[in-house]
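A short write-up of the structure that comes next.
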Amino acid sequence: MDPVSSTLLGVSIGALLIYGFLRLTAFPSSKDFDGRRAARSHGFWTAVIALFASSTASNSKYSELGPVWNSDQFSHLESQGVLSDLLPLIVPVASLGGIYILAQFTWPRPTSAVRVADISARRIRDFLPRHLTMLTLFIALVAAALLVAAAFLPAVSGTTAAQQGITMPSRVSGAYFGSLMGASFISLLTFAAAAVAVIVRRRRIPTLTVEDDALVRRISINRLLRTVILALAGVINATVAYGANGTPTDRLHTIDTPSWWGFVSNPSGIFSVVIAITVLAWAPPKLADDPAEPLSAPLASSGSYARALEISSAGRRLGSVLLVLPGIPIVLTIWNPWTGALPLGLITVGFTVFLVVQLVVEYLLRQNHSTGPSGAVPIQGLVPMWLRLALAFALTAVLTAVLVLNIQSPRVVPELLSSLGAVMLLAGLAAAGIWRALTRPRLSGVDGVQDLLLRAVTLHRVFRGCTSGLLMLLAYLLTSQEILWSAAVGEYRASSEGLHPALIAAQAAVIAAAAIIVLLPGPTRPPAHAPAPAGESLYP
């Protein structure tokens, strides 16, 4: 798969997962409380995901842009080497503003027929923090000036330097470096500006007052600008590091005629620390706590439906967070071949923790809130047939893949043994969760239909989580064992040719199915103050 197609695939799947997760955090856990708690959670996770997706939280080396290019590099702009250098620079910084834009479409829509709007028109300048915006623009101007200066530097060949008796790393020409870094710089500012405009112009959040809604916009812009400053600091450091490589003549006369770039690079580490401390201390305004929220209100009494609903909602939030965090590195590198133990470990850990959280939810309900008669509840009506078939298909497919690959392998492959262990672990946890949800005694003081609702919620999460996890393991096996798959179908390809198109297409389809299944909504749970629902159906 070419770099553009693979990048589009990774970005699309990442956007789908991020959209689903942020949409879960944007809705109040119960209709008994307003949306302030959900707004704080949504804003926090938006900022965290954008921070890591933009690579500002990692030690990204922008200055390593491939081999030395000669003066005619611009005649090869269509080559794969340029795209391989350009896309890793543009995608992370563009995703910074892109995630904030995507987050604005995850808020709940108004439920009433009458749309509530602000009396006065919203203007961007009314929501921009003045001093923080000025600091952002100043650092952007510094970065732009350094990029222009670096664009005139020549390429450096390690071979030429070695002939003069010194050791020097190679670097690309300044025109090539400035072009790619300039494209990344412009993408960062363009998507950030678009994100600010979308934040200001988005639809008002129906669960917040006008004042709180305006405050949420200011908080989002504050966090966005602070992350942009960190990204700009990375651009500045990378440009200075590139220029400090110097030329062979500069290195031979370091004492007599010191390089200007080398002089600037000396305090670059202090500059990074100062910027990091500044953005950390420049905290946004706070969204005040609501005394009606469960954080400050007394917990519902033990054995009540309200208390059981709190536990179930906490299981959803905690399980989703612990599932998404290991998945962020997977999503950001989804266009690279999945090999080695890291992708397998991240997939296994994420879905294992998610299933364990659902087991803990059922354990807490059984120990503290279940005093009714014991007895198994039939699964019919609680989990739809298509979801049960999906789990059976995913388990059969991944076991078949492991079996086929073991047959084709002339020796023991550690990845296959680890994959089989991961399959058994997820299947075992899913079986334990299903058994616990079906055999738990009825909740005390709760209507029978409400008790079935909470069982269906846990079962739906377990089925979706296990099915999605097994499909992700299958996607890992499709690309990590390409040689064995080639032996199975009798079509061999050289490693330089890349992955087989059929494997890439199959992996994309499997990953898309896994993402869709894990993001599907579960059964509708009535709020704690509502009467038990009538009828037998538990699904909307």
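Laboratory data are not the source of any read-out in this text; all were calculated from the coordinates shown. Keep in mind the model is a prediction, meaning the values are calculated, not measured. We place every Cβ from the backbone using ideal geometry, glycine too, and count neighbours over all the protein chains shown.
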Local electrostatic count, Thr439, Cβ distance below 14 Å [Lys/Arg +1, Asp/Glu -1]: +3
Sorted peptide list for 88-96, 204-212, 344-352, 9-17, criterion being average Cβ within 10 angstrom, highest first: 88-96, 344-352, 9-17, 204-212
Amide proton proximity set for Arg202, modelled H, under 5 Å, gap of 5+: none
Label point at Leu417 placed 7 Å out along Cα→Cβ; residues across region 455-481 whose backbone nitrogen lies under 18 Å: 481
Other-chain or far-sequence residues with amide H under 5 Å of Leu443's (modelled H): none
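Highest mean first, what order results for 98-104, 434-440 on Cβ atoms within 10 Å?
On the way: 98-104: 23.0, 434-440: 19.6.
Peptide ranking by packing, descending: 98-104, 434-440.
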Nitroxide proxy distance, nm - points 7 Å out along Cα→Cβ at Val274 and Glu211: 3.9 nm
Derived scalar couplings ³J(HN,Hα) [region 423-428; Karplus, 6.51 cos²θ - 1.76 cosθ + 1.60; whole Hz; x for Gly, Pro]: 4, 5, 5, 5, 5, x
Mean Cβ count within 10 Å, highest first, over the residues of peptides 399-407, 458-466: 458-466, 399-407
Extension gain from Arg122 to Phe44, taking 0.36 nm per residue of separation minus the Cα-Cα distance: 25.7 nm
Computed label-point distance, nm, for sites Phe105 and Ala281 using a 7 Å Cα→Cβ extension: 3.9 nm
